[in-house]
Amino acid sequence: VQTCALPIYYMGVILILILLMNLALAYHLLYLQAAAASNTTAATGNKDQKNEFFHKATQLYEFAYRKCVEYGRRQQQQQPSAGNGVYGAYGYPRFAMIVLNNLGQIHRAEGDTAKKYESYLQDLLSVLNYVVYERDLLNNNSNSSSTSISILSPVEFDGLYRNVSTIILKDACCASAA
């Protein structure tokens, strides 16, 4: 079995996840272009094409996310003590967060803010909380105070937190208005 730069990541899995993600991104971009074109024209062909691109992108994202999680769970079962925040319940957490964010954003663009969009943001928030917990746990158990384990940069975390803030602050805004 070939491994890449980090010995715990198997190239076969990484390659499959990268291919799925690239295909999903391509269809996501095609969907956004078709959505912009359908806003300017009333052609039904554009709407059908837009719907086709939407469904292909979401299917690819969802399949990539499932494979990521399945691989992470399999790794935890095979090496329960080796996970230590690298795989965890979400497989590759960075990949999981990116896919969940993109799924939420494509559903928001489609106008489905009540169901799928919020569901994906809830899942994204769960992964973010998991990553922060694991990072803090690993950093607290580390012998060196200069060691910092980070899956995303602070700018990337800020962007993801900004996206999930709509579901975090929704209840707080409603409660203060009452």
Segment 34-79 - residue that is more than 16 Å from the chain's Cα centre (by Cα) and at pLDDT 95 or above and, of those, nearest to Gly111 (Cα to Cα): Phe54
Looking only at segment 50-70, which residues are open to solvent by less than 30 Å² (accessible area, probe 1.4 Å) and either of a type in the set (S, T, N, Q) or outside any helix (DSSP H, G or I) (or both)? Thr58
Please identify the pairs in which a residue from segment 141-165 that is at pLDDT below 80 has its Cβ atom under 8 Å from the Cβ atom of a residue that is outside any helix (DSSP H, G or I) and exposed (fewer than 13 other Cβ atoms within 10 Å of the Cβ), counting only partners at least 6 apart or on another chain. Ile149/Ser142
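The values are calculated or read from the model by the stated rules, or taken from the named source; none is laboratory data. Computed from a prediction, not measured in an experiment: that's the story for all the values here. Cβ atoms come from the backbone with ideal geometry, glycine included; neighbour counts cover every protein chain shown. Only protein heavy atoms, including side chains, enter the accessible area calculation; ligands, DNA and RNA are left aside. Shrake-Rupley method; radii C 1.70, N 1.55, O 1.52, S 1.80 Å.
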